[in-house]
Amino acid sequence: MKYLLFFLAGTLLPFNLGYAQEDALGFLGLTFAPAFENGSSQNFKLPLMLEGGAENHDLTTGITFFSDLTRLSNQFNNNSDFLQSPEQYLFSYISLHNDYTVMNWSLLHLTSGFELGHRGFLNSVDNDLKYSLYAAFRVGLRWFFAAKWRFRVNFQLPLSLYSHNIRNLFFYQAMTELTFDPVGPILNPQPGTALYSIGVQYESFSYSNQSVGFSGFFYAPYLKISLLY
């Protein structure tokens, strides 16, 4: 399943973005979104992402290669020494999402889509390798309330496809975001410019490992810049 996710990430994204750029107007951006995560622990995080879309945002695609570049060594070595009891740390090696506009009221878009990804868990209690490979249903709303501004909300409910050292896993994710395009129009951003965003991500989770149960809630304010090509 892990290799299947990498295969999908490597094939679906180029297909979607290629369609957007060759057959219609579209955009592709290299995205950095430093965030300060609060909740069961407090950590600075720096994800690395690619984001793109077709004309009028009818289809948008995103790939997160790593959810936090600052803690790769801890992730790969399953090292939770930086955590204090009873802190938690969540991370992802890769995730891929697609969102489609299913209803359009002029500048208000209702979206639906899916996400495939990896979700890893570190806690201060044990050093067992814990992760889940999941598929998620996504629903969202985008409001292009001015030529250069976009507001969006998104909610997703993942379903675990495979879990390692985890039982009774449940988690959901949500976000709100405000984006500014200094050049415009934001419905069809121009290559060579950048999109600037401010937002908040939310995540709630619970799971058990052997006889121990874990749960937590995180919220992470972030700044984001997408360099468009």
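The values are calculated or read from the model by the stated rules, or taken from the named source; none is laboratory data. All values derive from a computational prediction rather than experimental measurement. As a convention, Cβ positions derive from the backbone with ideal geometry for all residues, glycine included, and neighbour counts pool all protein chains shown. With ligands, DNA and RNA removed, areas are computed over all heavy atoms of the protein, side chains included. Shrake-Rupley method; radii C 1.70, N 1.55, O 1.52, S 1.80 Å.
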Q: Please name all residue pairs, on different chains or six or more residues apart, with Cβ atoms under 9 Å, provided the first residue is in the range 14-40 and is over 18 Å from GLY184 (Cα atoms) and assigned to a strand (DSSP E or B) and the second residue is open to solvent by 20 Å² or more (accessible area, probe 1.4 Å) and modelled with pLDDT under 50.
A: none
**Q.** Extreme residue, nearest to PHE66 (Cα to Cα), among residues of the range 111-129 that are of a type in the set (A, V, I, L, M) and part of a loop (DSSP other than H, G, I, E, B)
**A.** LEU129
Q: Considering only residues that are part of a strand (DSSP E or B) and under 10 Å from PRO47 (Cα atoms), look in the range 59-73 and name the one that is least open to solvent (accessible area, probe 1.4 Å).
A: THR64
Q: Confirm whether TYR89 is open to solvent by 60 Å² or more (accessible area, probe 1.4 Å) and assigned to a strand (DSSP E or B).
A: no
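Hey, can you tell me all the residues within the range 74-86 that are of a type outside the set (Gly, Ala, Ser) and open to solvent by less than 60 Å² (accessible area, probe 1.4 Å)? Don't jump to the end; show me each part of the working.
Initially, the range 74-86 is screened for residues of a type outside the set (Gly, Ala, Ser), giving 74-79, 81-84, 86.
Matches in the range 74-86: ASN74, GLN75, ASN78, ASN79, PHE82, LEU83.
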Q. Would you pick out the residues in the range 24-46 that are open to solvent by 40 Å² or more (accessible area, probe 1.4 Å), modelled with pLDDT of 90 or more and of a type in the set (A, V, I, L, M, F, W, C)?
A. LEU28, LEU30, PHE32, PHE36, PHE44, LEU46
(Q) I need a count of the residues in the range 164-218 that are open to solvent by less than 60 Å² (accessible area, probe 1.4 Å) and closer than 17 Å to LEU141 by Cα. (A) 12
